[in-house]
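The values are calculated or read from the model by the stated rules, or taken from the named source; none is laboratory data. From a predicted model like this one, the values you see are computed outputs, not experimental measurements. We place every Cβ from the backbone using ideal geometry, glycine too, and count neighbours over all the protein chains shown. Protein only, heavy atoms only, side chains kept; ligands, DNA and RNA dropped before computing areas. Shrake-Rupley method; radii C 1.70, N 1.55, O 1.52, S 1.80 Å.
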Amino acid sequence: MSIAGAFIMPHPPIILPEVGKGEERKIQRTADACREVAGRIAALKPDTLVVTSPHSVLYADYFHISPGERAHGDFARFGAPQAAVDARYDSEFVRALTDAAGKAGLPAGTFGEREKSLDHGTMIPLRFLNERCADYRLVRIGLSGLPGPDHYRLGKCIAQTAEALGRKVVFIASGDLSHRLREDGPYGFAKEGPEFDSRVTDAMAKGDFLRFLTFDPDFCDAAAECGLRSFIIMAGGLDGKAVQPELLSYEGPFGVGYGVCAFRITGDDESRRFDSAFEAEEKKRLELIQSQEDEYVRLARLSLETHVRTGKRAELPAGLPEEMLRHRAGTFVSLKKDGELRGCIGTIGPVTSCVAEEIVRNAVSAGTEDPRFAPVTEQELPSLVYSVDVLARPEPIDTMEELDAGRYGVIVTSGYKRGLLLPNLEGVDTPERQVSIAMQKAGIRKGEPCSLERFEVVRHK
């Protein structure tokens, strides 16, 4: 046995009459599609139901799998304590999956459970399913802050575990889509919201799981998406399988996108190994980026790679532009991996003899001394994307009206506390937001007297 069927389902509490109190009729198509899914799952008669939920326990670097024999949850936080769900866990499957993930080098297991109660991302699908079928055991899995390919690999481990145990498993990837479809929605409107929903539902309808892996993280953040990583785990569970997709419904009247999709497995298909396809595409993308790096970025890469591989300081290469050797300025070196920040360290003003030396120094610091991240390993080096910001001299300003978040960086100073934020950062589009983040970084409290400076940068990629 292995994965017998897979489904994407949303989890709006308002879909329940006890919560919606009539408002649920506005998403009747979603409710009807969820009931259709429940009927299809009941017909499959699964031994085990695997549910991945964005609202289960979530860690930045670990997949949490719910432990124990049973679990209970209700909708009290949504004003309906009488609406409740009980579930029996498949503890044998959990143990075997934890072992399989460990052998695959994935950090996953049952440690660190902060909340035993079932979350609504799990309970909504179960409420529909339990109307048709109750003779199954549950495996509940949270998402993580790890890259998309790691989520895909976890899905492969789920399929391998099902086969090893001889379980007939049905997979439900619980997840809403964008939360930014309307001004009156919970997160307001962003143009990325409808675009994300259009692209992700098209990928669902075509069974194009590679596209799940290639969404830009900044784009996803701007869209305030919910379930993409849940869908990626499901895709991994269907690795190497031919599927017949069917988009059963999509709507978003409350400003949040709800999609329901079914995937019927029709056989094997070696061309649908999407982690391998993604790795090949990603290698080409990174090689192209590296081929287009200018002298500033190439020097940052040389510095960090030399340090990580040899423990030594890189020597300045011959042929650097005079501006890098004669000019002194503060610089920031930023690292990204899989579209996410991996380190950023810099100097507000020059502390070395020239910009080139500043880059050599700060590249190593960004990769090994940023307190938010573990030091970069040698295995990560090919996956890093670098940028270098060269700062102009800061100038004092009197009001935030003199700032422009796209053009100027900001320095906020209060006594010995000083916070800096670079310009033109994704999601930081107002001076107020810019100053607020800089204050948080410096530990400056709201209302505490402070002074402002602005500066321009030349960004090298």
field: Using a Förster distance of 45 Å, the FRET efficiency for PHE373-ARG25 (Cβ separation, nearest 0.05)
entry: 0.40
task: Could you point to the residue in LEU302, GLY257, GLY267 farthest towards the positive end of segment 242-353's charge dipole, with +1 and -1 charges on the Cβ of Lys/Arg and Asp/Glu respectively?
output: LEU302
task: Mind listing the long-range amide H neighbours of CYS133? Cut-off is under 5 Å, sequence gap 5 or more, other chains count too, H placed in the peptide plane at 1.01 Å from N.
output: none
query: Based on the Cβ-Cβ distance of GLU380 and GLU426, what FRET efficiency does E = 1/(1 + (r/R0)^6) give at R0 = 22 Å, to the nearest 0.05?
result: 0.55
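Return the calculated 222 nm mean residue ellipticity for the chain, to the nearest 500 deg cm²/dmol, obtained by summing -39500 (n - 2.57) across DSSP H runs with n ≥ 4 and dividing by the residue count. Could the numbers behind the result be given before it?
On the way: 14 runs with 166 residues, N = 461.
Calculated at 222 nm, the ellipticity per residue is -11000 deg cm²/dmol.
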message: If you filter segment 59-161 for trypsin sites (Lys or Arg not before Pro), then keep DSSP loop positions with at most 14 other Cβ within 10 Å, what is left?
response: ARG114, LYS116, ARG132
query: What accessible area, in Å² to the nearest ten, does a 1.4 Å probe give for LEU425?
result: 60 Å²
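Put VAL458, VAL390 in order of accessible area, largest first, 1.4 Å probe: what do you get? Mind dumping the intermediate values first?
On the way: VAL458 85, VAL390 20 Å².
I get VAL458, VAL390, largest accessible area first.
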query: How do the peptides 334-341, 373-380, 354-361 rank, highest first, by the average count of neighbouring beta carbon atoms within 10 Å per residue?
result: 354-361, 334-341, 373-380
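First select every other residue whose beta carbon is under 10 angstrom from the beta carbon of GLY259; then total the charges, Lys and Arg +1, Asp and Glu -1.
Details: positive: none; negative: ASP176, ASP197, GLU251.
Summing Lys/Arg as +1 and Asp/Glu as -1 gives -3.
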- request: Find how many whole Å separate the alpha carbon centroid of segment 125-159 from the alpha carbon centroid of segment 213-231.
  value: 18 Å
message: If I model a spin label as a point 7 Å beyond the Cα along the Cα-Cβ vector, how far apart are those points for ALA277 and GLU69 in nm?
response: 4.4 nm
Förster-model FRET efficiency, 22 Å R0, ALA84 and ARG35, C-beta, rounded to 0.05: 0.70
query: Which value, in debye to the nearest 20, gives the size of the charge dipole of the chain about its Cα centre, when Lys and Arg are +1 and Asp and Glu are -1 at the Cβ?
result: 900 debye
query: For segment 333-369 and segment 256-319, what is the separation of their C-alpha centers, rounded to whole Å?
result: 20 Å
message: What distance in nm separates the two pseudo spin-label positions at ARG309 and LYS461, each 7 Å out from Cα along the beta-carbon direction?
response: 2.6 nm
- request: Please name which of THR377, VAL458, VAL428 has its Cα lying farthest along the dipole of segment 323-461 towards the positive end, using unit charges on Cβ (Lys, Arg +1; Asp, Glu -1) and the Cα centre as origin.
  value: THR377
- request: Can you grab the distance from the C-alpha centre of segment 91-119 to the C-alpha centre of segment 19-58, Å, no decimals?
  value: 23 Å
- prompt: In nm, to one decimal, how far is the ARG199 label point from the GLU322 one, both placed 7 Å along Cα→Cβ?
  reply: 4.4 nm
- prompt: If you work out Cα Rg over 2.2 N^0.38 Å from the coordinates, which of (1) 1.02; (2) 0.95; (3) 1.10 do you get?
  reply: (3)
